[in-house]
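Colleague: Just passing along the structure, written as structure tokens.
The values are calculated or read from the model by the stated rules, or taken from the named source; none is laboratory data. Bear in mind the structure is a predicted one, so any value in this text is a computation, not a measurement. Reconstructed Cβ throughout: ideal geometry from the backbone, glycine too, with neighbour counts over all protein chains shown. Areas reflect the complete protein model, heavy atoms only, side chains present, ligands, DNA and RNA absent. Shrake-Rupley method; radii C 1.70, N 1.55, O 1.52, S 1.80 Å.
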Amino acid sequence: MKTDILAFGVHPDDVELGCSGTLIAAIAQGKKVAVIDLTKGELGTRGTAETRKAEATQAAKAMGVHARENLEMADGFFMNDEAHVKKVITVIRKYKPEIVLCNAPEDRHPDHGRSSKLVSDAAFLSGLRKVETTYNGSMQEHWRPHYVFHYIQDRYLKPDFLFDISDYYEQKIKTILCYTTQFNSTDNSEPQTYISTPDFLDVIKARALMFGKRIGVKYAEGYLTTKMIGVKSFDAFIQNVT
Ligand SMILES: [Zn+2]
């Protein structure tokens, strides 16, 4: 399946927290979008790999993405080595995205930075015809996405650009709330965590409001890029008074 955007998260829920507003907006604009989770999030304090899987399926429906896959790498312990890079290349070549979205280069959870580097390296190496991968027994064609953007998730990082999600913010929150074991919980039968209480959603909102304010819209998501972005029309810019 050819997609326009392939969004990677190391844990199921990273994509929802970091870039689901952008994905929902892109789908509304007619883009094809798929999500790849690297791990099942099996080390999460609350819930299990099974509950997380069911929640991820619900959230994929809520976002309206065209496909979602899990690469079943080891949560906390996956490496940026040949075997893992090739796993990522296989899905990049399968979905042929123009744009890859992935975790922030540094964040509270060390998996996020490691996954960011793993996916960025794979996006580049996927373009080399001598890096061989197979899918369903057939050799894959080389494919290099045009851009790799890193969504800002927990730690504040200064964004290189901001994506207006004002029309899709409520839908973004609905996708996050699909993870009933992880967020907005007053259920104390399992330990509360850094992200589990209703207060955490205030932080999500504050970040989206703050990023939105910078570009004169209600809500936005922030991204980092190492590749220079080229434009061919100023019409793509939001031109509000800030
Ligand atoms: Zn995560």
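Colleague: Within the chain, what's the longest run with no trypsin sites (Lys or Arg not before Pro) in a DSSP loop and at most 14 other beta-carbon atoms within 10 Å? Give the range, please.
Modeller: It works out to 3-107.
Colleague: Related question: Among rounded, prolate and oblate, which fits segment 107-170 when a ≥ b ≥ c are the square roots of the eigenvalues of its C-alpha gyration tensor, a/c under 1.5 means rounded, and a/b larger than b/c means prolate?
Modeller: Prolate.
Colleague: Which percent, nearest 5, of DSSP beta bridges in the chain are antiparallel?
Modeller: 35 percent
Colleague: Quick one: 3J(HN,Hα) in Hz for segment 55-67, Karplus 6.51/-1.76/1.60 with θ = phi - 60°, rounded, Gly and Pro as x.
Modeller: Along segment 55-67, the couplings run 5, 5, 5, 4, 5, 4, 5, 5, 6, x, 6, 7, 7 Hz.
Colleague: Still on this model: Could you work out the relative contact order of segment 77-191, using alpha carbon pairs under 8 angstrom and six or more residues apart, expressed as a whole percent?
Modeller: Across segment 77-191, relative contact order equals 27 percent.
Colleague: On to the next question. Which whole-number value in Å² is the accessible area per residue of segment 78-201, probe 1.4 Å?
Modeller: 52 Å²
Colleague: Turning to a different aspect of this structure: What shape does segment 125-215 have by the C-alpha gyration tensor, where a ≥ b ≥ c are the square roots of the eigenvalues, rounded means a/c under 1.5, and otherwise prolate means a/b greater than b/c and oblate the rest?
Modeller: Judged from the Cα gyration tensor, segment 125-215 comes out oblate (a/c at least 1.5, b/c at or above a/b).
Colleague: Can you list the chymotrypsin sites (Phe, Trp or Tyr not before Pro) in segment 161-195 that are in a DSSP coil and have 15 or fewer other beta carbons within 10 angstrom?
Modeller: Y194
Colleague: Return the lysines within reach of K227: Cα separation strictly under 19 angstrom, same-chain partners fewer than 8 residues apart disregarded; answer none if there are no such residues.
Modeller: Counting by Cα, and skipping residues close in sequence, K227 has these lysines nearby: K96, K117, K158.
Colleague: Turning to a different aspect of this structure: Please list the non-local residues whose amide H lies under 5 Å from the amide H of V35, H modeled 1.01 Å from N, same-chain partners needing a gap of 5 or more.
Modeller: Hits under the 5 Å cutoff: A7, A67, R68, E69.
Colleague: ³J(HN,Hα) across segment 122-128 via Karplus (A = 6.51, B = -1.76, C = 1.60, θ = phi - 60°), whole Hz, x for Gly/Pro?
Modeller: Running phi through 6.51 cos²θ - 1.76 cosθ + 1.60 with θ = phi - 60° gives 5, 4, 6, 5, 4, x, 8 Hz.
Colleague: A further question follows. Regarding segment 1-49, what whole-number volume in Å³ per residue does the convex hull of its Cα atoms give?
Modeller: In segment 1-49, the Cα hull volume divided by residue count equals 79 Å³.
Colleague: Here is a follow-up. Apply the a/c threshold of 1.5 to the C-alpha gyration tensor of segment 199-241 and tell me whether it is rounded, prolate or oblate.
Modeller: oblate
Colleague: With a 1.4 Å probe and all protein chains kept in place, how do Y151, Y156 rank by accessible area, largest first?
Modeller: Output order, biggest surface exposure first: Y156, Y151.
Colleague: Just to confirm a number: summing +1 for Lys and Arg and -1 for Asp and Glu over residues other than K87 whose beta-carbon lies under 15 angstrom from that of K87, what do you get?
Modeller: Its environment carries a net charge of -2.
Colleague: How high is the relative contact order of segment 173-242, given as a whole-number percent (alpha carbon pairs under 8 Å, six or more residues apart)?
Modeller: 20 percent
Colleague: Using Cα-Cα distances under 8 Å and only pairs 6 or more residues apart, what relative contact order does the chain have, in percent?
Modeller: 23 percent
Colleague: Over all directions, how big on average is the projection of the convex hull of the alpha-carbon atoms in the chain, in square nanometres?
Modeller: Hull-based average projected area comes out at 13.0 nm².
Colleague: How large, in percent, is the carbon and sulfur part of the accessible surface of the chain at a probe radius of 1.4 Å?
Modeller: Within the chain, the accessible surface is 55 percent carbon and sulfur.
Colleague: Quick check: net charge around G30, other residues with Cβ under 14 Å of its Cβ, Lys/Arg +1 and Asp/Glu -1?
Modeller: Overall, the nearby charge balance is +1.
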